[in-house]
Each structure stands twice: as C-alpha cells, then as structure tokens.
Amino acid sequence: MEGTEQTELKKVIINPIEGGVEFKTSNSEDPSFFFTYEEWEAFKAGVEAGEFDLSILALFKDFGSETES
C-alpha cells in the first residue's frame, strides 16, 4: 500500500561470552556490541531504576504478539 511504512522487527540476542556479554539482533548484517560484565550490570540496574524513557515501546505494543511455532 502506497504511503505506509513497514517495520521489520528483529529479535535481540544476548549471549554471555568470555569476559562479558554480546548484544546483537537476529539480522546477521547488524553489528554486535560487547559489554563487560560490569557495564552489563550497570545497564540492567539503570533499566530497573527507570533511567531510560521506554514510552516509545508503547508504539510497538502490538508487534510481536504472534507466537512462533
């Protein structure tokens, strides 16, 4: 349909690896990111403390509601 945008949702993959955590999407063309364990724990603590504005997620509340079989 002309004039509509489509958003492809990607899965986030978090892998504990030696020395830290690898964070990437399911799209193999996207770069992966590496965080030390200390950085990862600080990030998680920030999320739990509400330091991030996650209101944008409300726009995507219906995406990903189908279950994979």
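Rule-based calculations on the coordinates, nothing more; no lab input. It should be emphasised that the depicted structure is a prediction, and the values quoted were computed from it without experimental measurement.
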- Query: Mind listing the phi-derived Karplus ³J(HN,Hα) values for region 29-40, rounded to whole Hz, using 6.51, -1.76 and 1.60 with θ = phi - 60°, and x for any glycine or proline?
  - Reply: 7, 6, x, 9, 10, 10, 10, 5, 4, 5, 5, 5
- Item | Amide hydrogen neighbours beyond the local backbone of THR25, cut-off 5 Å, H modeled | ILE13
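On full extension of the chain, what length is gained from PHE34 through ASN15, given 0.36 nm per residue of separation minus the C-alpha to C-alpha distance?
Going from the current span to full extension adds 5.9 nm.
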